[in-house]
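J.: So that we are looking at the same thing, I have put the structure below in structure tokens.
The values are calculated or read from the model by the stated rules, or taken from the named source; none is laboratory data. What you are looking at is a predicted structure, and each value in this text was computed from that prediction instead of being measured. As a convention, Cβ positions derive from the backbone with ideal geometry for all residues, glycine included, and neighbour counts pool all protein chains shown.
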Amino acid sequence: MTHKYTPRNMKKRKNPPVKKSPPCALLVFLIVIGGMIATFCGIGALVLFVSSFESTTTPTTATLDLAYSPEKDALMQDLIARFHKANYQTPSGLPMRINATRMDAADMVDAARAGRFTAISPDSSLWLAQIDAGRQRALVGEAARFAVTPIVIAMWSDVAQSLGYPQKQIGWQNLLAKAKSDPNFKWSHPSTSSASGLLATLAVFYAGANKTRGLTEEDVKNRAVLDYVSALEKTVRYYGEGEQATIDQVLKRGRSYLDAFVVSERLVIYFNSKSPQKLVAIYPVEGTLWQDHPLALLEQPGLTDEQRLTFRRFRDFLLSPEIQKVILQAGYRPVDLNLRLDEPVSPIKLSNGVDPAQPQTTLQMPSAAIIEIVQAAWHLTKRPANIYLVADTSGSMGEQDKLTQAIDALDTFLDQVQGEHDRVGLVPFASRVYNVIALQEIGTHRAMLKAQVRAFKASGQTALLDAVAYAYDDLQRRNDRERINAIVVMTDGIENASSIKLNQLVDKIKRGNASGVPVVIFCIGYGSDADWNVLNTLAEATGGFARRADPETIRKLYKILSTYF
Amino acid sequence: MNKTRLIFFTFILLALLIIGVSFVIQQLSGNIPNPTAQPIQLRVVAALPIEPWVQDAAQKFNAEKRSLEGRTIVVNVTPMDSVTALGKWDRGEFNPVPTVWIPDSRYLVELVNATYSAKLGRDVFLTDGEYRARPLVTSLFSWGIYKSRAETLEKKFGKDNINWKTIHDAAIARGGWPELGGEKAWGYFKLIVPNPRKNAAGLLAMVAAAGEYYDKTTITTEDVTNPQFQKWLKELMGAVTDFSSLSSYTVEDLALFGYSVGDGGQLLESDLLVNMSGIQTRWADPLVIVYPKYLTWFDFPFTIWMGAETSAIEKNAALQFQKFLLSAPIQSAAAARGFRPANTEVSIAGADSLFVKWKDYGAKTFVPSTARMRAPDRDTLQTLLRWFDLNVAK
């Protein structure tokens, strides 16, 4: 453009040469024009510089980093998609966005304190109190609940009838008495890292203290109470990673998996909508608790006004009549009291196994300090485990540092095994099983296990199935029903050296789990060439899981597994 | 090029230069505040019960784009419990300092004045003159109890005999509701009291309980440190289901979680009235309202911060907003939220009044009792809070 508008060009295009013009005037003219153009360019460059500087330092979206509890995964995904579709913007024009992460409530407390999120939505506001416990300045800021659902004991209707339902009001005491008296009765509650698991544990402590309110620190530390809790927790079949995981397992395995389990009312509705076999929600006569699903802003250092606006916009969005109706349709009780629970779209009705007039009463919620003691005590009283670590040391594990990673994972795992209760054994394998260390209580031989793990060398083929069969047979031979029996498999490869076939092993496991002690298998796969068909088949046959060996899984392996123990 | 053309092009280019420079200056000046064009920002901190009404009013006020000396007035409302705000005033933690504070009660203003009088030798909120604290609306404590439970209590303790003493007796019934004549499924008697660390109403509920315990309207530090009273109060508080809940505002709990969380409690009349309808849609059992013998009134005073942080124009802008809040339409909106308007032109006896709508459930437009609980001094309140922290919250 500059070239286009120079006087020289203009002269060429439009004017004939003017010989009469004095050369010095032309020179002055060119200098003046050149100076002006330079000034223009300079100012223009300055403006561009300033604006480009602003664009690199100013955020382009007002994003809220949100963690939410896993059991409302589908609902939150749906709601966040709707929120994004609405294209809300801050007054300064920034698009409002939610960057959401699924996380269990107990981990959320740690992550919030570590500054990882600007907002959270756990399953209960009791976790908010734990975040702020012991802090000088509150981290939890504005908060509002957007959905509630009571925690219930889900039972097959004939199981409930066998306990006297519906003529008799039943509750925790009936469930616990049944679990103590009937060795074939299979019940479950999630670990204390979710509200429903925490409630079930509190209910057991209340029952042990023979109270329905006023649980004190002395109560939860009382030897007789702890013995009662310990005896009952030994009757728990599985704990699982959360109530959604439990429901998914029951859907997959049917009624033989469990007779009763603790979940939210919403999941009973969900289950009954998916299964021809129906559950009923028992609202315990001694009282229950509510999940109240808060959305809370975290006053992290650096929280921007735009993020605060996004939080408020999202909160108002969740509380809007339209979204409250979506929440009701998903089986939660909406906080908008204008919405009746007997609306035509409401699934909260007797025909779905739930009762909108319940619950009648709740257990008293102890202080955050007592809850922390209950959580700690639960880890000590819950059912101990026999764990076989089945470790692949075949030649392929030597590639891409896989063996080093597996050694580190096992080392971390052995460090994390708590107390003296759990027994751990080691079954290394390559072309065959070798140097087995039999099950022993961890307190007595942790150092020996760690030393052997550190000495692993990669060589040979992969007799994965033989190694699993070895560990499985040993657990069945021991027939230890007092403990949860588990096998943790760490492998990278494709099975190529075993004498037993996959279908034979699966048959053996199914028969053994039905007639002998139930054994749960967890598989951790290294590298891209792990045979996921084999790993998934083994895990699914026992109610365990198969996962990739990502750093998060490894870091939390014991914690994840311990929710199953 | 001849001289005429030279001058012509020079003029054109100078004109372009002026336009360009003006444009650039205009672009850059968008980021430079111009004090004369800035709106007057009113920062209003409002107590939790009244905040939704004030927030709505502020939106209407802002939409009207009212101005003072050519500057638009913009009102920003922040909800904050009065006990929390009291702590922030005491510690000087407000940054920026609010222009206006609307606490639950006038006595909280007096407590802040007492603190600042000691520091500055003068009041920071005025009690007379143009900028004095003025009540916006009033409300009072009343018992809200599920009807089935209230009838059972009246059978047990006698008609019109729901008070802190009989509630205490219900709270300590070891056998729970069956012992009181109620159903087993109701569990034990569950009392609703807001957490006094989160809601001033919780603190005032303890003061009201002390009033009925001693049968007097003025409570002192000696009264609340009496071991017998403390034992009695601890037994009473033992019937509260959850002090750790998210909600510091417990009528919402009563409506949302129903009788499963609370059979009843002494709560703000306005909150009860607003939630009566919702409770009936969610729970089969309606709520009834019972007025206590000693009344605890809340007057929600509009108080302007008189410190150096508030300029003269901000004070006058605050007065404009105060006038707006006291106007008949906005006071009517307050009445629709269950408050008793300060503007006497606005009646609560009309057919659409919540007081009339719920009169069959105990609501009254006129409260006959004249015995009013007097506000305790700071030491008494602090003693109660410390007792709560050590004996209940723990």
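J.: Residues that are over 30 Å from A:Met365 (Cα atoms) and without any contact (Cβ under 8 Å) to a residue 60 or more places away in the chain, at least 3 per element: which helices (runs of 4 or more DSSP H) completely within the range B:90-202 meet that? Full working, then the answer.
T.: On the way: elements: B:106-120, B:147-157, B:164-171, B:177-180.
Output list reads B:106-120.
J.: Still on this structure, I have one more. Residue pairs, Cβ under 7 Å, 6 or more apart or interchain, first in the range B:285-303 and closer than 29 Å to B:Glu183 by Cβ, second of a type in the set (A, V, I, L, M) and in a strand (DSSP E or B). List them.
T.: B:Leu287/B:Ile145; B:Val288/B:Ile145; B:Val290/B:Ile145
J.: Give me a count of the residues in the range A:422-441 that are more than 22 Å from A:Ile500 (Cα to Cα), surrounded by 19 or more Cβ atoms within 10 Å (Cβ to Cβ) and either free of Cβ contacts under 8 Å to residues at least 60 places away in the same chain or not assigned by TED's automatic domain parsing to the domain that holds A:Arg477 (or both).
T.: Counting residues in the range A:422-441 that are more than 22 Å from A:Ile500 (Cα to Cα), surrounded by 19 or more Cβ atoms within 10 Å (Cβ to Cβ) and either free of Cβ contacts under 8 Å to residues at least 60 places away in the same chain or not assigned by TED's automatic domain parsing to the domain that holds A:Arg477 (or both) gives 2.
J.: Can you tell me how many residues within the range B:371-394 are within 19 Å of B:Pro194 (Cβ to Cβ) and either assigned to a helix (DSSP H, G or I) or within 14 Å of chain A (Cβ to nearest Cβ) (or both)? Outline the logic, then answer.
T.: Keep residues of the range B:371-394 that are within 19 Å of B:Pro194 (Cβ to Cβ), which gives B:373, B:375-376, B:380-394.
Then drop every residue that is not either assigned to a helix (DSSP H, G or I) or within 14 Å of chain A (Cβ to nearest Cβ) (or both), which leaves B:380-394.
Of the residues in that region, 15 qualify.
J.: Here are the criteria: (1) outside any loop (DSSP other than H, G, I, E, B); (2) crowded, with 21+ Cβ neighbours inside 10 Å; (3) out of contact with any helix residue (DSSP H, G or I) (no Cβ under 8 Å at 6 or more places or on another chain). Tell me which single one A:Leu505 does not satisfy.
T.: If we test A:Leu505 against (1) outside any loop (DSSP other than H, G, I, E, B); (2) crowded, with 21+ Cβ neighbours inside 10 Å; (3) out of contact with any helix residue (DSSP H, G or I) (no Cβ under 8 Å at 6 or more places or on another chain), just (3) comes out false.
J.: Has the range B:189-210 got any residue that is over 30 Å from A:Ile282 (Cα atoms), among the β-branched types (Val, Ile, Thr) and within 25 Å of the chain's Cα centre (by Cα)? Walk me through it before giving the result.
T.: Kept after step one, since they are over 30 Å from A:Ile282 (Cα atoms), are these residues of the range B:189-210: B:195-210.
Of the ones still in play, those that are also among the β-branched types (Val, Ile, Thr) are B:207.
Next, only the ones that are within 25 Å of the chain's Cα centre (by Cα) stay: B:207.
Within the range B:189-210, one or more residues are over 30 Å from A:Ile282 (Cα atoms), among the β-branched types (Val, Ile, Thr) and within 25 Å of the chain's Cα centre (by Cα).
J.: Those residues that are farther than 27 Å from A:Ala539 by Cβ and surrounded by 12 or more Cβ atoms within 10 Å (Cβ to Cβ), I need them from the range A:446-456; list them, please.
T.: Matches in the range A:446-456: A:Met448 only.
J.: Okay, moving on. Report every pair of residues separated by at least 6 positions or lying on different chains whose Cβ atoms are under 7 Å apart, first residue within the range A:469-496 and among the polar types (S, T, N, Q), second part of a helix (DSSP H, G or I).
T.: A:Gln476/A:Gly512; A:Asn485/A:Leu475; A:Thr491/A:Leu464
J.: Let me ask you something else. Looking only at residues in the range A:296-305 that are more than 10 Å from chain B (Cβ to nearest Cβ) and touching a strand residue (DSSP E or B) at 6+ places or on another chain (Cβ under 8 Å), which one is farthest from A:Pro122 (Cα to Cα)?
T.: Restricting attention to the range A:296-305, the residues satisfying the condition of being more than 10 Å from chain B (Cβ to nearest Cβ) are A:297-305.
Imposing the further condition that a residue be touching a strand residue (DSSP E or B) at 6+ places or on another chain (Cβ under 8 Å) reduces the set to A:297-299, A:303-304.
Values: A:Leu297: 12, A:Leu298: 13, A:Glu299: 16, A:Leu303: 20, A:Thr304: 22 Å.
If we take residues in the range A:296-305 being more than 10 Å from chain B (Cβ to nearest Cβ) and touching a strand residue (DSSP E or B) at 6+ places or on another chain (Cβ under 8 Å), then A:Thr304 is farthest from A:Pro122 (Cα to Cα).
J.: Also: Just to be sure, is A:Val225 of a type in the set (Val, Ile, Thr) and assigned by TED's automatic domain parsing to the domain that holds A:Arg113? Can you show your working first?
T.: On the way: of a type in the set (Val, Ile, Thr): yes; assigned by TED's automatic domain parsing to the domain that holds A:Arg113: no.
Considered against the rule, which asks whether it is of a type in the set (Val, Ile, Thr) and assigned by TED's automatic domain parsing to the domain that holds A:Arg113, A:Val225 comes out as no.
J.: Please go through the range B:264-284 and pick out each residue that is surrounded by fewer than 19 Cβ atoms within 10 Å (Cβ to Cβ) and modelled with pLDDT of 90 or more.
T.: Taking the range B:264-284 and keeping what is surrounded by fewer than 19 Cβ atoms within 10 Å (Cβ to Cβ), we get B:277, B:280-281, B:284.
Result: B:Ser277, single match.
J.: Hey, another quick one. Considering only residues of the range B:119-172 that are of a type in the set (Phe, Trp, Tyr) and more than 24 Å from B:Tyr214 (Cβ to Cβ), which is surrounded by the most Cβ atoms within 10 Å (Cβ to Cβ)?
T.: Within the range B:119-172, the first condition is being of a type in the set (Phe, Trp, Tyr), and the residues that meet it are B:125, B:131, B:141, B:143, B:146, B:157, B:164.
Right, trim to more than 24 Å from B:Tyr214 (Cβ to Cβ) and you get B:125, B:131, B:146.
Values: B:Phe125: 24, B:Tyr131: 20, B:Tyr146: 22.
Taking the candidates together, the pick is B:Phe125.
J.: Please pick out the residue among A:Leu339, A:Leu318, A:Leu289 that is at pLDDT 95 or above and surrounded by 17 or more Cβ atoms within 10 Å (Cβ to Cβ). Spell out the reasoning first.
T.: Numbers: A:Leu339 fails: at pLDDT 95 or above; A:Leu289 fails: at pLDDT 95 or above.
Unique residue meeting the criteria: A:Leu318.
J.: In the list A:Val520, A:Val534, which residue meets the criterion of being assigned to a strand (DSSP E or B), buried (at least 17 other Cβ atoms within 10 Å of the Cβ) and of a type outside the set (Asp, Glu)? Before the answer, list the steps.
T.: Values: A:Val534 fails: assigned to a strand (DSSP E or B).
Of A:Val520, A:Val534, the one residue that is assigned to a strand (DSSP E or B), buried (at least 17 other Cβ atoms within 10 Å of the Cβ) and of a type outside the set (Asp, Glu) is A:Val520.
J.: To continue, here is another question. Quick one: in the range A:110-130, which of the residues that are part of a loop (DSSP other than H, G, I, E, B), in contact (Cβ under 8 Å) with a residue 60 or more places away in the chain and not small (Gly, Ala, Ser) is nearest to the other protein chains (Cβ to nearest Cβ)? Write out each step before concluding.
T.: Taking the range A:110-130 first, the residues part of a loop (DSSP other than H, G, I, E, B) are A:114-118, A:122-125.
If we keep only those that are in contact (Cβ under 8 Å) with a residue 60 or more places away in the chain too, we end up with A:115, A:117-118, A:122-125.
Those left that are additionally not small (Gly, Ala, Ser): A:117-118, A:122-123.
Values: A:Phe117: 17, A:Thr118: 18, A:Pro122: 10, A:Asp123: 12 Å.
Taking the candidates together, the pick is A:Pro122.
J.: Would you check if there is a residue in the range A:335-347 being within 14 Å of another protein chain (Cβ to nearest Cβ) and assigned to a helix (DSSP H, G or I)?
T.: Step one: of the range A:335-347, the residues within 14 Å of another protein chain (Cβ to nearest Cβ) are A:335-343, A:346.
Okay, now just the ones that are also assigned to a helix (DSSP H, G or I), so none.
Checking the range A:335-347: not a single residue is within 14 Å of another protein chain (Cβ to nearest Cβ) and assigned to a helix (DSSP H, G or I).
J.: If you don't mind, there's one more thing I want to ask. Which numbered condition trips up A:Lys556, out of (1) touching a Pro at 6+ places or on another chain (Cβ under 8 Å); (2) surrounded by fewer than 20 Cβ atoms within 10 Å (Cβ to Cβ)?
T.: Result: A:Lys556 passes all but (1).
J.: Looking at A:Arg237, A:Arg253, A:Arg266, A:Arg213 in this structure, which one is among the basic types (Lys, Arg) and within 19 Å of the chain's Cα centre (by Cα)? Show your work before the answer.
T.: Values: A:Arg237 fails: within 19 Å of the chain's Cα centre (by Cα); A:Arg253 fails: within 19 Å of the chain's Cα centre (by Cα); A:Arg213 fails: within 19 Å of the chain's Cα centre (by Cα).
From the options A:Arg237, A:Arg253, A:Arg266, A:Arg213, the qualifying one is A:Arg266.
J.: Could you go through the range B:340-349 and let me know if any residue there is of a type in the set (A, V, I, L, M), in a loop (DSSP other than H, G, I, E, B) and more than 24 Å from B:Val44 (Cβ to Cβ).
T.: yes
J.: If the Cβ limit is 6 Å and pairs must be 6+ apart or interchain, which residue in the range B:321-347 that is on the phi > 0 side of the Ramachandran plot pairs with which residue that is buried (at least 23 other Cβ atoms within 10 Å of the Cβ)?
T.: Pairs that qualify, where the first residue is on the phi > 0 side of the Ramachandran plot and the partner is buried (at least 23 other Cβ atoms within 10 Å of the Cβ), are B:Gly338/B:Ser270; B:Gly338/B:Leu273.
J.: Could you tell me whether any residue of the range B:37-47 is facing another protein chain (nearest Cβ under 10 Å), modelled with pLDDT under 70 and either out of contact with any His (no Cβ under 6 Å at 6 or more places or on another chain) or farther than 30 Å from B:Val109 by Cα (or both)?
T.: Checked the range B:37-47: no residue is facing another protein chain (nearest Cβ under 10 Å), modelled with pLDDT under 70 and either out of contact with any His (no Cβ under 6 Å at 6 or more places or on another chain) or farther than 30 Å from B:Val109 by Cα (or both).
J.: What number of residues in the range A:182-233 are at pLDDT 85 or above, acidic (Asp, Glu) and under 30 Å from A:Pro294 (Cα atoms)?
T.: Result for the range A:182-233: 2.
J.: Return only the number of the condition from (1) of a type outside the set (Asp, Glu); (2) assigned to a helix (DSSP H, G or I); (3) on the phi < 0 side of the Ramachandran plot that A:Gly254 does not satisfy.
T.: Going through (1) of a type outside the set (Asp, Glu); (2) assigned to a helix (DSSP H, G or I); (3) on the phi < 0 side of the Ramachandran plot one by one, A:Gly254 breaks only (3).
J.: Here's another thing I want to ask about it. Could you say whether any residue in the range B:207-230 is in contact with a Lys or Arg (Cβ under 9 Å, 6 or more places away or on another chain), within 14 Å of chain A (Cβ to nearest Cβ) and either of a type in the set (A, V, I, L, M, F, W, C) or not in a loop (DSSP other than H, G, I, E, B) (or both)?
T.: No: the range B:207-230 contains no residue that is in contact with a Lys or Arg (Cβ under 9 Å, 6 or more places away or on another chain), within 14 Å of chain A (Cβ to nearest Cβ) and either of a type in the set (A, V, I, L, M, F, W, C) or not in a loop (DSSP other than H, G, I, E, B) (or both).
J.: Could you check how many residues of the range A:131-184 are aromatic (Phe, Trp, Tyr) and within 12 Å of chain B (Cβ to nearest Cβ)? Break it down into steps so the answer makes sense when it comes.
T.: Let us first name the residues in the range A:131-184 that are aromatic (Phe, Trp, Tyr), namely A:146, A:156, A:165, A:172.
Add one more test, that the residue is within 12 Å of chain B (Cβ to nearest Cβ), and what stays is A:146.
So the answer is 1.
J.: Got at least one residue in the range A:98-110 being touching a helix residue (DSSP H, G or I) at 6+ places or on another chain (Cβ under 7 Å) and at pLDDT 95 or above?
T.: First, pick out the residues of the range A:98-110 that are touching a helix residue (DSSP H, G or I) at 6+ places or on another chain (Cβ under 7 Å): A:98, A:100, A:102-105, A:108-109.
Okay, now just the ones that are also at pLDDT 95 or above, so A:98, A:100.
The answer is yes; a qualifying residue exists.
J.: To continue, here is another question. Take the residues of the range B:211-247 that are of a type in the set (Gly, Ala, Ser) and free of Cβ contacts under 8 Å to residues at least 60 places away in the same chain: which is surrounded by the most Cβ atoms within 10 Å (Cβ to Cβ)? Give the derivation first.
T.: First pass over the range B:211-247, keeping only residues of a type in the set (Gly, Ala, Ser): B:211, B:238-239, B:244-245, B:247.
So of that shortlist, the ones also free of Cβ contacts under 8 Å to residues at least 60 places away in the same chain come out as B:244-245, B:247.
On the way: B:Ser244: 19, B:Ser245: 26, B:Ser247: 23.
Among them, the one singled out is B:Ser245.
J.: Identify all residues within the range A:200-242 that are in a helix (DSSP H, G or I), in contact (Cβ under 8 Å) with a residue 60 or more places away in the chain, crowded, with 21+ Cβ neighbours inside 10 Å and in contact with a Phe, Trp or Tyr (Cβ under 9 Å, 6 or more places away or on another chain); write none if there are none. I'd like the intermediate steps shown before the answer.
T.: First, the residues of the range A:200-242 that are in a helix (DSSP H, G or I): A:200-209, A:217-221, A:223-233.
Next, from what is left, pick out any that are in contact (Cβ under 8 Å) with a residue 60 or more places away in the chain: A:200-203, A:205-207, A:217, A:220-221, A:226, A:229-230, A:233.
Checking the rest, the ones that are also crowded, with 21+ Cβ neighbours inside 10 Å come to A:200-203, A:205-207, A:220, A:229.
A:Ala200, A:Thr201, A:Ala203, A:Phe205, A:Tyr206, A:Ala207, A:Val220, A:Val229 - these are the residues of the range A:200-242 that are in a helix (DSSP H, G or I), in contact (Cβ under 8 Å) with a residue 60 or more places away in the chain, crowded, with 21+ Cβ neighbours inside 10 Å and in contact with a Phe, Trp or Tyr (Cβ under 9 Å, 6 or more places away or on another chain).
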